[in-house]
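Okay, structure first, notes after.
The values are calculated or read from the model by the stated rules, or taken from the named source; none is laboratory data. Everything numeric here is computed off the predicted structure, so don't read it as measured data. Cβ atoms come from the backbone with ideal geometry, glycine included; neighbour counts cover every protein chain shown.
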Amino acid sequence: MLGSIQPQPIDAAADGTLPLENVAAKIKADDIHFARTRLLSLENTHNGKVLPRAYLKDAWTFTRERGLALHVDGARIFNAVVAYGCELKEITQYCDSFTICLSKGLGTPVGSLLVGNRDYIKRATRWRKMVGGGMRQAGILAAAGLYALKHNVARLQEDHDNAAWLAQQLREAGAEVMRHETNMLFVRVGEAQAAALGDYLRERNILINAAPI
């Protein structure tokens, strides 16, 4: 818990959205015994699912009407951009702040971005300093991030296409494909088959972690 923040988890719907009526039910009453509700945080993509743009607009209106800030966990937001076939600003116009991960899909060794208005970033920079988040000689990481943003975003479509191809091949091989969205593929196989697959891939220097879903 940082800064006495109390998160209120909400189950996502099948399309990855948080039903706004459920969000409304989680907003605390104006009572001195409760923490004040200040922020709605969404994830796009969510387990590979691209949030509908109409929902993003509705969530933005919802938060404006209730005095809440809206943050988007955009670790894979460029996967959503590629799936939408739009510019990043067409998605991020419906939030106060968002994050971008430069290593997930974009291929940098490490690094993320926090994006917001000048005052927000100024306050975030102070908080970063308070919790020891400064880093010396970060320019080399920034260079990798700039390269990724300039050259690797369009290539995310290759990831989506490869995931779709793999899903089809696994179906033809008899595997139970639970779900496939953008660059994520969820497959269910028997425990023995999963163990055998892990051994097979490790012998070929490919690491895999089979876990229940």
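If the condition is being surrounded by 14 or more Cβ atoms within 10 Å (Cβ to Cβ), of a type in the set (Lys, Arg) and assigned to a helix (DSSP H, G or I), then segment 42-77 contributes only ARG53.
Taking the criterion of being within 20 Å of ILE121 (Cβ to Cβ) and either buried (at least 18 other Cβ atoms within 10 Å of the Cβ) or in contact (Cβ under 8 Å) with a residue 24 or more places away in the chain (or both), the residues of segment 79-92 that qualify are LEU88, ILE91, THR92. Within the bounds of segment 126-141, is there any residue that is within 22 Å of PRO52 (Cβ to Cβ) and either among the polar types (S, T, N, Q) or in contact with a strand residue (DSSP E or B) (Cβ under 9 Å, 6 or more places away or on another chain) (or both)? No: segment 126-141 contains no residue that is within 22 Å of PRO52 (Cβ to Cβ) and either among the polar types (S, T, N, Q) or in contact with a strand residue (DSSP E or B) (Cβ under 9 Å, 6 or more places away or on another chain) (or both). Does LEU114 meet the test of being surrounded by 16 or more Cβ atoms within 10 Å (Cβ to Cβ) and touching a helix residue (DSSP H, G or I) at 6+ places or on another chain (Cβ under 9 Å)? For LEU114, the condition - surrounded by 16 or more Cβ atoms within 10 Å (Cβ to Cβ) and touching a helix residue (DSSP H, G or I) at 6+ places or on another chain (Cβ under 9 Å) - is not met. Scan segment 16-37 and give yes if some residue there is in a strand (DSSP E or B), out of contact with any Asp or Glu (no Cβ under 7 Å at 6 or more places or on another chain) and either hydrophobic (A, V, I, L, M, F, W, C) or free of Cβ contacts under 8 Å to residues at least 24 places away in the same chain (or both), otherwise no. No, because not a single residue in segment 16-37 is in a strand (DSSP E or B), out of contact with any Asp or Glu (no Cβ under 7 Å at 6 or more places or on another chain) and either hydrophobic (A, V, I, L, M, F, W, C) or free of Cβ contacts under 8 Å to residues at least 24 places away in the same chain (or both). Restricted to segment 74-120, and to residues there that are more than 18 Å from HIS151 (Cα to Cα) and of a type in the set (S, T, N, Q), the residue that is nearest to the chain's Cα centre (by Cα) is THR99.
Within segment 201-211, does at least one residue satisfy the condition of being exposed (fewer than 11 other Cβ atoms within 10 Å of the Cβ) and either outside any loop (DSSP other than H, G, I, E, B) or touching a residue at least 12 places away in the same chain (Cβ under 8 Å) (or both)? Among the residues of segment 201-211, not one is exposed (fewer than 11 other Cβ atoms within 10 Å of the Cβ) and either outside any loop (DSSP other than H, G, I, E, B) or touching a residue at least 12 places away in the same chain (Cβ under 8 Å) (or both), which makes the answer no. Would you check if there is a residue in segment 128-144 being within 22 Å of THR45 (Cα to Cα), within 22 Å of the chain's Cα centre (by Cα), touching a residue at least 40 places away in the same chain (Cβ under 8 Å) and surrounded by 10 or more Cβ atoms within 10 Å (Cβ to Cβ)? No - not one qualifying residue is present in segment 128-144. Please indicate, with yes or no, whether at least one residue in segment 90-102 is in a loop (DSSP other than H, G, I, E, B), outside the structural domain of ASN183 (by TED's automatic domain parsing), among the hydrophobic types (A, V, I, L, M, F, W, C) and closer than 24 Å to THR37 by Cα. Checked against the condition, which is being in a loop (DSSP other than H, G, I, E, B), outside the structural domain of ASN183 (by TED's automatic domain parsing), among the hydrophobic types (A, V, I, L, M, F, W, C) and closer than 24 Å to THR37 by Cα, segment 90-102 yields at least one hit.
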